[in-house]
Amino acid sequence: MVNALIVYGTRLGATASTSEEVAKILREEGLDVSVVNTKKEKVKDIARYDLIVVGSGIAMGKWMSEPEDFLKRFRGELAGKKVGLFVSCGSAAPTPTQKPEEVAEARKKYLDDKATQYSLRPVALGFFGGAYDYNNMPWWASMFMNAAKKDLMASGAKETRPGLYDTRDWDAIRAWARELAAKALSG
Ligand SMILES: Cc1cc2nc3c(=O)[nH]c(=O)nc-3n(C[C@H](O)[C@H](O)[C@H](O)COP(=O)(O)O)c2cc1C
């Protein structure tokens, strides 16, 4: 059995539901999967895992501190394992006026540079959109998101229930997870 661990950090919830979907696909592909929200639980040991997926929401151009701490703490051990990194961010669902170079720059900053920073060579990097629940948002997020609502709509967000806007491409997330499973199972 191939054992996988998904470790994530979220503020607004997108990285949690993306992690659950990735876990579902990995299980369908035959992996044994544990999912840990780094804000609620601290991982003590990663020895038994063959594949480690680390996901973070992005705010103000940065990863959350808890998943980043995980990378820092286990960087030595992670170098000997298969690793996948992904982020949930606004930049993955750009507005029509946003330049492709800006999107490429964000992708590099949040994923490639993060891998380099911790001397990792991930088997997969996932650049996914976010979800914005206007019914249930911390005050600091609603200040930012009320101002950004026009941009959010322009980026193709779908209102999946009243007040909940989702910019994720679920097919791309599932395809990424299937690719990850194939890499984990390839020995
Ligand atoms: C206050 C705030 C700041 C944000 N800053 C950025 C940013 O710098 N870059 C970006 O691409 N997305 C940014 N976003 C969008 C988030 O990345 C998006 O909401 C994502 O869903 C966050 O992940 P989470 O839902 O798992 O917390 C920001 C959102 C908020 C509310």
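The values are calculated or read from the model by the stated rules, or taken from the named source; none is laboratory data. Note that the coordinates shown come from a computational prediction; the quantities given were computed from them, not determined experimentally. No Cβ is skipped: glycine too gets one built from the backbone with ideal geometry, and neighbour counts run over all protein chains shown. Side chains included, ligands, DNA and RNA excluded: accessible areas come from the protein's heavy atoms. Shrake-Rupley method; radii C 1.70, N 1.55, O 1.52, S 1.80 Å.
Filter the cross-link list Lys72/Lys108; Lys42/Lys150; Lys99/Lys183; Lys158/Lys183; Lys82/Lys150 down to pairs whose alpha-carbon distance in this structure exceeds 29 Å. Don't skip to the end; give the middle numbers.
Working: Lys72/Lys108 19 Å; Lys42/Lys150 38 Å; Lys99/Lys183 32 Å; Lys158/Lys183 32 Å; Lys82/Lys150 39 Å.
Long pairs (Cα-Cα over 29 Å): Lys42/Lys150; Lys99/Lys183; Lys158/Lys183; Lys82/Lys150.
So, with a 1.4 angstrom probe, what is the percent of accessible area on region 3-185 that is carbon and sulfur?
On the way: 4720 of 9280 Å².
Carbon with sulfur: 51 percent of the solvent-accessible area.
Could you please put Lys114, Lys158 in sequence from largest to smallest accessible area, using a 1.4 Å probe?
Per-residue accessible area, sorted high to low, gives Lys158, Lys114.
Compute, for Arg178, the solvent-accessible surface of its heavy atoms (probe 1.4 Å) with the complete set of protein chains present, and express it in square angstrom to the nearest 10.
100
Please compute the alpha carbon radius of gyration of region 1-154, then divide it by the globular-protein estimate 2.2 N^0.38 Å. Two decimals is fine.
With N residues counted in region 1-154, Rg over 2.2 N^0.38 Å equals 1.06.
For Phe127, Phe70, write out the residues from largest to smallest accessible area, computed with a 1.4 angstrom probe and no ligands counted.
Reading off the accessible areas and sorting them downward yields Phe127, Phe70.
Could you calculate the FRET efficiency of Glu77 with Ala147 from 1/(1 + (r/R0)^6), where r is the beta carbon distance between them and R0 is 45 Å, rounded to 0.05?
Plugging the Cβ-Cβ distance into 1/(1 + (r/R0)^6) gives 0.60.
Can you list the residues, at least 5 places off or on another chain, whose amide H is less than 5 Å from the amide H of Val53, using H built in the peptide plane?
Residues meeting the amide H criterion: Leu5, Ile6, Val7, Gly84.
Antiparallel DSSP bridges in the chain: what percent, to the nearest 5?
Of those bridges, close to 25 percent are antiparallel.
Would you calculate, for the chain, the mean residue ellipticity at 222 nm contributed by helices, counting each DSSP H stretch of 4 or more residues as -39,500 (n - 2.57) and dividing by all residues, to the nearest 500?
That comes out to -11000 deg cm²/dmol.
With every protein chain in place, what's the accessible area of Glu41 (1.4 Å probe, Å², nearest 10)?
100
May I ask you to rank Ile58, Ile6 by accessible area, largest first, using a 1.4 Å probe over the protein chains only?
Result of the area sort, largest leading: Ile58, Ile6.
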